[in-house]
Amino acid sequence: MAAIELRGLTKVYPGGVKALDSLDLVIPDGEFFALLGPSGCGKTTLLRTLAGLETATGGSVVIGERDVTGIQPGARDVAMVFQDYALFPHMNVTDNIAYPLRIKKVGKAERQRKAAEVGARLGLDQLMDRRPGQLSGGQQQRVALARVMATQAQAFLFDEPLSNLDARLRLEARTFLKKLQRELGVTTVFVTHDQAEALAMADRMAIMEAGHIRQIGTPAEVFQRPANTFVAAFIGSTPMNLLDAAVRGDTLEVAGCKVPVPVSAEGLLTEGERLVYGVRPEYTTYSAEPAEGSLGGRVSIVENLGASHLVTLEVNDVAVQAVVPEGDEPAVGDEGFAAPRRDRALVYRDGELVSA
Ligand code: ATP
């Protein structure tokens, strides 16, 4: 097991695309770390550069005490699970799991013993003689994981490990994978474009945009205190309200209404300056009656979220959203008021969080 450290890591593809732009990142030993971001932001490139499948253009990769920047993939002591699992269709489960050991010239008896042990751990003991084509998606994923575990690498790298599973299996696999990683304690980096997955599984995560890391933090930090408007807009199952605002004394003018300055920005704002006011719909209370510091308007959309509703209010032509518990939802056309929670609202100056 080992910590992973990137120093000024840069990758420019032939043709000039800068997929990684001087990234610095430290992942402590044993951490479950997610790389999250929109399509094309550089997640897979970062993972492949860690694995040695891509050559860095600049900077370095350190795993444990060792600078592995110029070292071949096979000698890096990391194991990668690919999106499509990359199982050999003509080999049974035992041979698939044991394959990396065969490459390492481990003897047959020892390979089979190890494959059986790891297979049992992942609940594959009844399936060891089957080929991948005779397994479900979830079982194939377990074989791919077992193959990685059998190698006893210093770090695991997963590229969208759950993307081939259906919605229900995916939820099961999330819990399973997280538990497994905890038990093994092996430093693990996984790429996903599914934020719910990253929030649910990761100890910490990096949110990337166009070759840059825009924030590193725990799921709670990233959800509750996005460092910039990019992360604020990207994270959350319902997007954060991001509204133009101006400072007026001890209040903010937002969509023609007055709201109190958020707790996090108290004493940090200048009279008259223009900012972006951010509050999640989950932290915005809807009511049919006006309350102090609320944004009043007319309900234009009511979306069913299951146990709650997402209500959109048109406040002087600005859309403001609030999550409303089941049973309390208004009807389209109603007059209503959205009161942001002062302890949860945020303020952004030039796109960056204003905070003490
Ligand atoms: P996705 O979520 O869609 O898989 P990603 O975040 O993993 O995206 P990458 O695959 O790392 O993104 O790609 C980062 C950038 O590098 C993109 O602009 C992509 O087009 C470019 N890119 C990736 N691979 C190559 C390549 N082999 N040659 C040239 N450009 C590439």
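The values are calculated or read from the model by the stated rules, or taken from the named source; none is laboratory data. Predicted model only: the values in this text are computed from it and were never measured. As a convention, Cβ positions derive from the backbone with ideal geometry for all residues, glycine included, and neighbour counts pool all protein chains shown.
Checked against (1) within 16 Å of the ligand (Cβ to nearest atom); (2) over 30 Å from LYS179 (Cβ atoms); (3) part of a strand (DSSP E or B), PHE230 passes all but condition (3).
Being more than 22 Å from the chain's Cα centre (by Cα) and either within 15 Å of the ligand (Cβ to nearest atom) or buried (at least 16 other Cβ atoms within 10 Å of the Cβ) (or both) narrows it down to one of VAL78, VAL62, so name that one. Only one candidate qualifies: VAL62.
Tell me, please, whether a residue that is under 14 Å from ASN241 (Cβ atoms), among the hydroxyl-bearing types (Ser, Thr, Tyr) and at pLDDT 95 or above can be found in segment 301-311. Within segment 301-311 (the criterion being under 14 Å from ASN241 (Cβ atoms), among the hydroxyl-bearing types (Ser, Thr, Tyr) and at pLDDT 95 or above), the answer is no, since none of the residues qualifies. Condition first: surrounded by 13 or more Cβ atoms within 10 Å (Cβ to Cβ) and hydrophobic (A, V, I, L, M, F, W, C). Can you find one or more residues in segment 280-293 that meet it? No, segment 280-293 contains no residue that is surrounded by 13 or more Cβ atoms within 10 Å (Cβ to Cβ) and hydrophobic (A, V, I, L, M, F, W, C).
Residues in segment 224-238 that are surrounded by fewer than 20 Cβ atoms within 10 Å (Cβ to Cβ) and without any contact (Cβ under 8 Å) to a residue 40 or more places away in the chain: 1 in all.
Taking segment 151-171, which residues are buried (at least 20 other Cβ atoms within 10 Å of the Cβ) and within 16 Å of the ligand (Cβ to nearest atom)? Matches in segment 151-171: LEU157, PHE158, ASP159, PRO161, LEU162.
The sole residue among PRO38, PRO28 that is away from the ligand (no atom under 16 Å from the Cβ), out of contact with any His (no Cβ under 6 Å at 6 or more places or on another chain) and either touching a residue at least 40 places away in the same chain (Cβ under 8 Å) or charged (D, E, K, R) (or both) is PRO28. The set of residues in segment 67-83 being touching an Asp or Glu at 6+ places or on another chain (Cβ under 9 Å), under 23 Å from GLN140 (Cα atoms) and of a type outside the set (Phe, Trp, Tyr) consists of MET80, VAL81, GLN83.
Pull up segment 45-57, narrow it to residues that are farther than 14 Å from LEU23 by Cα and part of a helix (DSSP H, G or I), then point me to the one that is farthest from the ligand (Cβ to nearest atom).
Step by step, filter segment 45-57, then rank; the result is ALA51.
Inspect segment 133-154 for any residue being among the charged types (D, E, K, R) and touching a Ser or Thr at 6+ places or on another chain (Cβ under 9 Å) and give the result as yes or no. The answer is no, given that none of the residues of segment 133-154 is among the charged types (D, E, K, R) and touching a Ser or Thr at 6+ places or on another chain (Cβ under 9 Å).
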